[in-house]
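Contents: one structure, followed by commentary.
Rule-based calculations on the coordinates, nothing more; no lab input. Computed from a predicted structure; not experimentally measured. Cβ placement follows ideal geometry from the backbone for every residue including glycine, while neighbour counts extend to all protein chains displayed.
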Amino acid sequence: MSCLFCKIVEGEIPSSPVYLDDVCYAFADIHPQAPTHILLISRRHVASLAETDAEDAGLLGRLLAAAAKIARDKGLVHGYRVVINTGADGGQTVGHLHLHILGGRPLAWPPG
Ligand code: AMP
Ligand code: ZN
């Protein structure tokens, strides 16, 4: 398996984990774009949100619920943003489903 985030889940590539359970793994982004910038990924390899359908509703729900828990645990009481870059136009650079959890400063809208 040549996938970067699969290697992180397997521990072949080091990461700084912040949360894990049976389906999710979360770790600090190596190039943080905000004071808090966490990547939350599916342990199972899924290439992108575009590859999911209704059969993945359980996984997607678990990821969103984990994102909210992580944000609470990180004390992001003033708010935060959850982003899923998808495909080339969406700015996705790693082909393994991941959610960005960004917070700790006001975030501009619209994004670039
Ligand atoms: P995206 O552009 O949405 O595909 O996001 C990929 C993210 O992975 C970027 O924010 C990168 O900074 C982050 N990233 C790439 N390699 C690593 C790594 N080894 N450890 C932690 N984060 C990484
Ligand atoms: Zn993968």
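Shape analysis of segment 22-72 yields a ratio of the Cα radius of gyration to the Kirkwood radius, Rg/Rh, of 0.99.
As a size descriptor, the averaged projected area of the C-alpha convex hull of segment 4-103 was calculated at 6.2 nm².
For segment 1-97, which trypsin sites (Lys or Arg not before Pro) pass both filters: DSSP loop (anything but H, G, I, E, B) and at most 13 other C-beta atoms within 10 Å?
Passing both the DSSP loop test and the Cβ count: Arg44.
Taking Cα atoms only, the orientation of helix 57-73 departs from the longest principal axis of the chain by about 40 degrees.
Derived scalar couplings between HN and Hα for segment 14-24 equal x, 8, 9, x, 10, 6, 8, 8, 6, 10, 10 Hz in order, rounded to whole Hz, by the Karplus curve 6.51 cos²θ - 1.76 cosθ + 1.60 (θ = phi - 60°), x for Gly and Pro. Projected label points at Ala57 and Val94, each 7 Å from Cα along the beta carbon direction, are separated by 2.9 nanometres.
Extension gain for the segment Lys69 to Thr86, taken as residue separation times 0.36 nm less the Cα-Cα distance, is 3.8 nm to one decimal. With contacts taken as Cα pairs under 8 Å and at least 6 residues apart, segment 4-103 reaches a relative contact order of 33 percent.
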